[in-house]
Amino acid sequence: MPRKSTPTISEALDEYLLIRSINRAKSTITNDRALLRKFVRELGAETRVHVLRAQDVEVWFAGVARAQKASSYNKVRERVQGFMRFCMDRKWIDCDPTSQVGRRTVHEEDRLRLTAPQMVQLIELTENPRDRAMLATACNTGLRASDLSASGVQQSGVRRT
């Protein structure tokens with residue numbers, strides 16, 4: 001049975017993120033914080049945890065499902081379920097309000113993949129020496145275009161002159 005007096009969803013989230021930050025990467029916590037704060041804000045940050053209803057969570061997930069691809073939806077679901085498990089461990093709720101929120105099927109998209117001879121031909125047909133060097137680097141290292149471009153160089157901390 002959940003306690004009669006529980007923290008607000010917002011307070012519970014702060015505690016969850018604090019404890020989670022002990023053994024998670026900073027980027028993971030940043031992503032968790034952004035997503036879970038949106039979840040909390042839309043469900044009512046000042047709502048007490050024990051008042052949280054499965055129906056409200058399910059309606060929230062229906063909105064997420066309409067707005068995101070299946071793989072992104074599944075990541076959101078995983079993060080929210082982690083938070084709900086934390087609340088259950090603290091005995092703030094006695095059942096998981098996400099228990100009826102199922103995973104979505106992820107359909108892998110076929111991507112264009114060039115064969116090795118096609119990549120060599122692409123490099124050979126490129127006339128600009130700079131483009132040729134970038135293509136050769138990408139083909140031999142697997143770097144993405146953003147990793148090779150000016151924005152990728154700036155983000156990596158390398159100064160352009």
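For this structure, a couple of remarks:
- Residues in region 114-130 carry Karplus couplings, in order, of 7, 6, 4, x, 5, 5, 4, 5, 4, 5, 5, 7, 7, 8, 6, x, 5 Hz; the curve used is 6.51 cos²θ - 1.76 cosθ + 1.60 with θ = phi - 60°, and Gly or Pro positions show x.
- An ellipsoid equivalent to region 116-155, defined through the eigenvalues of its Cα gyration tensor, has semi-axes of 20, 12, 5 Å when rounded to whole angstrom and sorted largest first.
- The chain: calculated mean residue ellipticity at 222 nm from DSSP helix runs of at least 4, using -39500 (n - 2.57): -19000 deg cm²/dmol
- Among 44-56, 103-115, 122-134, 78-90, the order from most to least packed when residues are scored by Cβ within 10 Å on average: 78-90, 44-56, 122-134, 103-115
- Spacing of the two label points (7 Å from each Cα toward its C-beta) at SER72 and ASN23, in nm: 3.1
- Counting only the Cα atoms, region 9-89 fills a convex hull of 87 Å³ per residue.
- Bridging of LYS69 to aspartates and glutamates at a Cα separation below 14 Å is possible for GLU108, GLU109, once same-chain residues fewer than 8 apart are set aside.
- Whichever aspartates and glutamates have a C-alpha closer than 13 Å to that of LYS75, once near sequence neighbours (fewer than 8 apart) are set aside: ASP32
- With both labels modelled 7 Å from their Cα along Cα-to-Cβ, the ASP56 to GLU108 distance reads 4.0 nm.
- In percent, rounded to a whole number, the relative contact order of region 9-89 is 40, using alpha-carbon pairs under 8 Å and six or more apart.
- For the chain, relative contact order (Cα pairs under 8 Å, six or more residues apart, normalised by length) works out to 22 percent.
- The Cα atoms of the chain define a convex hull whose projected area, averaged across directions, is 13.7 nm².
Readers should treat all values here as calculations from the given coordinates under stated rules, not as data from a laboratory. All values derive from a computational prediction rather than experimental measurement. Because the Cβ atoms are built from the backbone with ideal geometry, glycine has one as well, and the counts that use them run over all protein chains shown.
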